[in-house]
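Notes follow the structure.
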Amino acid sequence: MSKENNVRFGSVKRKTMETDIEISVTLDGKGNSDIHTGIGFFDHMLTALSKHSGISMSIHVVGDLDVDCHHTIEDTGIALGQALGKALGAKSGIVRYGTAYIPMDESLAMASLDLSNRPFLVFNCPFTNQSCGNYDLCMTEEFFRAFAFNSGMTLHINLMYGSNDHHKAEAVYKAVAHALKTAVSYNSDGSTLSTKGVL
């Protein structure tokens, strides 16, 4: 974690035989984003995640999209989670918890999370179609699993209802974003919100 000028920053470079990723996040940014994954709908969702969380994100990914979108999306979740974990450091002085309900037209999604260093994912989000553009909707769960487990986050996501898959996915990403915005913010006295004294 870098706290230069009180700015929390984390970056990750991750290269495998399947993906080449460079990610940086600034928690105290303005939600500015520079995102290129080669998957248009995924870029749209990550841009929403950045804007609505207030976390500035630079995400550049080159993946084996000639195979499919799986490795690109999952590996982005891994690296983004790691970058978030680096930016949070010891997680001292943060609110830690966040919950948000977000409507997107006919769809309603809820996300509740705990930056606890106890990674877990509960994901109850049924989609109707296989994909939005070249984004496989089943990869939404894989992205958030990778994101949660690599950032040390307990994350519950429930899609309450909806009919349009674009709206459903967007409501999910924005709900996580707003829950995250609350959780990463500083609490009133700078203390660690745990009876253990550490997270």
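Here are the numbers for this structure:
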read-out: Wholly enclosed strands (runs of 3 or more DSSP E) of segment 58-160 bearing at least 3 residues among the hydroxyl-bearing types (Ser, Thr, Tyr); value: 97-104
read-out: Which numbered condition residue 108 fails, given (1) in contact with an Asp or Glu (Cβ under 6 Å, 6 or more places away or on another chain); (2) of a type outside the set (D, E, K, R); (3) more than 30 Å from residue 65 (Cα to Cα); value: (1)
read-out: Every residue from segment 108-130 that is of a type in the set (D, E, K, R) and crowded, with 18+ Cβ neighbours inside 10 Å; value: 114
read-out: Subset of segment 156-176 [surrounded by 24 or more Cβ atoms within 10 Å (Cβ to Cβ) and within 11 Å of the chain's Cα centre (by Cα)]; value: 172, 173, 175, 176
read-out: Segment 152-182, residues that are under 22 Å from residue 28 (Cα atoms) and either at pLDDT below 95 or not basic (Lys, Arg) (or both); value: 152, 153, 154, 155, 173, 175, 176, 177, 178, 179, 180, 182
read-out: Matching residues in segment 143-154 - criterion: being within 21 Å of residue 69 (Cβ to Cβ) and surrounded by 19 or more Cβ atoms within 10 Å (Cβ to Cβ); value: 143, 144, 145, 146, 147, 148, 150
read-out: Checking residue 97 against (1) under 15 Å from residue 49 (Cβ atoms); (2) touching a residue at least 60 places away in the same chain (Cβ under 8 Å); (3) touching a strand residue (DSSP E or B) at 6+ places or on another chain (Cβ under 6 Å), the condition it does not meet; value: (1)
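Matching residues to (1) surrounded by 17 or more Cβ atoms within 10 Å (Cβ to Cβ); (2) under 16 Å from the mean Cα position of the chain (by Cα); (3) over 13 Å from residue 80 (Cβ atoms); (4) among the aliphatic types (A, V, I, L, M):
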| position | (1), (2), (3), (4) |
| --- | --- |
| 11 | no, yes, no, no |
| 18 | no, no, yes, no |
| 27 | yes, yes, no, yes |
| 35 | yes, yes, no, yes |
| 42 | yes, yes, no, no |
| 49 | yes, yes, no, yes |
| 53 | yes, yes, no, no |
| 59 | yes, yes, no, yes |
| 65 | no, no, yes, yes |
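The values are calculated or read from the model by the stated rules, or taken from the named source; none is laboratory data. For clarity, every value in this text was computed on a predicted model and none was experimentally measured. With ideal geometry, Cβ positions are generated from the backbone for all residues, glycine too; neighbour counts draw on all protein chains shown.
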